[in-house]
Amino acid sequence: MHYNLPTLKGLRAFEEAFLRGSYTAAAKTLNVQQPAISYQIKRLEDDLGVTLFTKERGRLVPTSAAIELFETLSLSFDAIRRTSNKLRQSSADPAFTIATYPGIGTYWLSPKLPILSKDLAVPVKVVTLVKDIDILREHADCMILFGKGDWPGFDARLLMPEAVCPVAAPDLAEKFRRASTETGTADITIIEQDDPEARWISWEDWQNQTDDGALPSAERITVNDHGFALHLALTGAGATLAWMGVVEDLLAGGSLVPLSDKIATSDAGYWLVGRCGFFETPRGRAVLKLSS
């Protein structure tokens, strides 16, 4: 049976509503009225035959169907955006490009871009990709990669060591703590990152290293990216392991709170990566300020 694709307007409305956690915020981003977003989401739900969002205490919470749709949609839209941006590059004064993962790009790097752009005296463009091989293929001036600092043909400078702790949105964290205090036990949905190569600290690694068994759960959501896991945690969908350096601003602002004071570490971390000799150049030295 042949099905037509959903409308582009409906998919864009869904993407922004998912990212912003609000129809009103999505409408503001897309420069339309809020009823237009509601209408497009309803049309999309009718077309797909699923419910995409529920509301809890006035907050938009994505369903499992919405999470599945967003994972596919974000990869497709990101590919379109990357291709479009490459086609638009005609400036005589090209931007400085940093390639990295969506999570560190969104939650750690983005607040630092104005200062970096000022130091470099050119616009800074961030390209986000999930896989290392795709990041390394980008014609980027600099990259932020996860590993142990060994990329043949490149220089690397440690940005932050791997140190992780479970976090959740404040309301969910309070609910979890209250249940633990009142009944001695509590359960919480675990958001974990798909990691077939076992590169990152997993929930099991964290529990084994910290000897903390307070967060077992049979209910789990698996995603392919740390940034997506953080986004779901911010919406109240569950708890995720967070790389402490990446979420320092979210923790300081109270958008996320730790569920434990125990932190697991490894000999890996996030690294600034550039071509050999890059960090001895003026641009390389400007980038190194990010780690200070």
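Just so it is clear, none of the values below were taken in a lab; they were calculated from the coordinates. Please read all numbers here as calculations on a predicted model, not as lab measurements. Every residue, glycine among them, receives a Cβ derived from its backbone with ideal geometry; neighbour counts consider all protein chains shown.
Structure summary
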item: Candidate aspartates and glutamates - alpha carbon under 16 Å from residue 175, same-chain residues fewer than 8 apart omitted; result: 56, 187
item: Inter-probe distance in nm under a simple model that places probes 7 Å from Cα toward Cβ, at residue 71 and residue 255; result: 2.3
item: Residue order, fewest to most surrounding Cβ atoms within 10 angstrom, among 67, 221; result: 221, 67
item: Gaussian network model of the chain, springs between alpha carbon atoms under 10 Å - residue of 168, 242, 27 with greatest fluctuation; result: 27
item: Residue with peak Gaussian network fluctuation, the chain [Cα springs, cutoff 10 Å], from 278, 146, 228; result: 278
item: Ranking of 246, 257 by count of other Cβ atoms within 10 Å, fewest first; result: 257, 246
item: Violating pairs (Cα-Cα greater than 18 angstrom) within the set 112/289; 9/55; 131/262; result: 9/55; 131/262
item: Selected from 55, 42, 131 as most flexible by GNM, with the chain as the system and alpha-carbon contacts under 10 Å; result: 55
item: Share of pairwise Cα separations in the chain, more than 23 Å, in percent; result: 60
item: Gyration tensor (Cα) of region 161-268, equivalent ellipsoid semi-axes in angstrom; result: 20, 16, 14
item: Cα shape, region 8-76, gyration tensor, a/c 1.5 rule; result: rounded
item: Rounded FRET efficiency, nearest 0.05, which uses the C-beta distance separating residue 280 from residue 205 and R0 of 41 Å; result: 0.65
item: Amide hydrogen neighbours beyond the local backbone of residue 242, cut-off 5 Å, H modeled; result: 165, 167
item: Relative contact order (%) - the chain, alpha-carbon pairs under 8 angstrom, separation at least six; result: 22
